[in-house]
1. Picking from G94, G99, which residue would you name as being out of contact with any His (no Cβ under 9 Å at 6 or more places or on another chain), surrounded by 16 or more Cβ atoms within 10 Å (Cβ to Cβ), more than 18 Å from T145 (Cβ to Cβ) and modelled with pLDDT under 90?
2. Can you give me the number of residues within segment 118-144 that are in a helix (DSSP H, G or I) and either of a type outside the set (D, E) or surrounded by 14 or more Cβ atoms within 10 Å (Cβ to Cβ) (or both)?
3. Can you work out which of the residues in segment 1-51 that are among the small types (G, A, S) and under 11 Å from the mean Cα position of the chain (by Cα) is surrounded by the most Cβ atoms within 10 Å (Cβ to Cβ)?
4. Regarding D61, is this residue in a helix (DSSP H, G or I) and more than 21 Å from Q108 (Cα to Cα)?
5. Which pairs do you get when a residue that is over 18 Å from E17 (Cβ atoms) and without any contact (Cβ under 8 Å) to a residue 60 or more places away in the chain, found in segment 60-73, comes within reach of a residue that is surrounded by 11 or more Cβ atoms within 10 Å (Cβ to Cβ) and among the hydroxyl-bearing types (S, T, Y), reach meaning Cβ atoms under 7 angstrom, with the pair 6+ apart or on two chains?
Amino acid sequence: MRQQHASESARRARECEAFVAGAAGRLLHTATLLTAEAPGDNPRARRLLTLSLAHTYACWDRLRGEDPYDRARQYLATRFARGAWHQYGGLGRGRPHPGSPLAVLTPQERLIVVLRLYEGVAEEQAAALLGMPSERVHAICDRATATLLHPPPRPAPAVVGAKVAAS
């Protein structure tokens, strides 16, 4: 009995190790997009990835035919949403890396855009994951895509040392 348990644990560890080797890179990229951090300096994304993979490993025996990548991505998304909610008092604006192309989006918009456009999650699945109507997911995705395609104008830099003419 003890040997059977040991071989089951070893099999589980090998399967999970193979999953991590294959999926960690894509999940890290997803987490980096969510946090809008620079790819080389992404501690929040790495923390999200670690928590997601640890959760997936803990649930490994209960997956029963479910795709572990879906479970890891789901945990990654919900953990990001929960963290943004607690950190910023709602899914308001975070403090993303200014060079990130997704920096102009709110965390909620980033989450939906990454799930829908990068990960290819269906609108209904994203809505169920986030607990909102699919029409709302569609509207947020459209608005965020429009913002990315036509970013708001940046304020003109102030000219230092310019004299103001008196009228």
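1. Every option except G94 fails the conditions.
2. Count: 17.
3. Selected residue: A31.
4. In short, yes.
5. R73/T30
Conditions tested, residue by residue: (1) at pLDDT below 90; (2) within 18 Å of Y118 (Cα to Cα).
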{"position": "R2", "(1), (2)": "yes, no"}
{"position": "H5", "(1), (2)": "yes, no"}
{"position": "R12", "(1), (2)": "yes, no"}
{"position": "R26", "(1), (2)": "no, yes"}
{"position": "N42", "(1), (2)": "yes, no"}
{"position": "R47", "(1), (2)": "no, no"}
{"position": "T50", "(1), (2)": "no, no"}
{"position": "R71", "(1), (2)": "no, yes"}
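The values are calculated or read from the model by the stated rules, or taken from the named source; none is laboratory data. On a predicted model such as this, the values are computed, not experimentally measured, just so you know. All Cβ positions, even for glycine, are placed from backbone atoms using ideal geometry, and neighbour counts span all protein chains on display.
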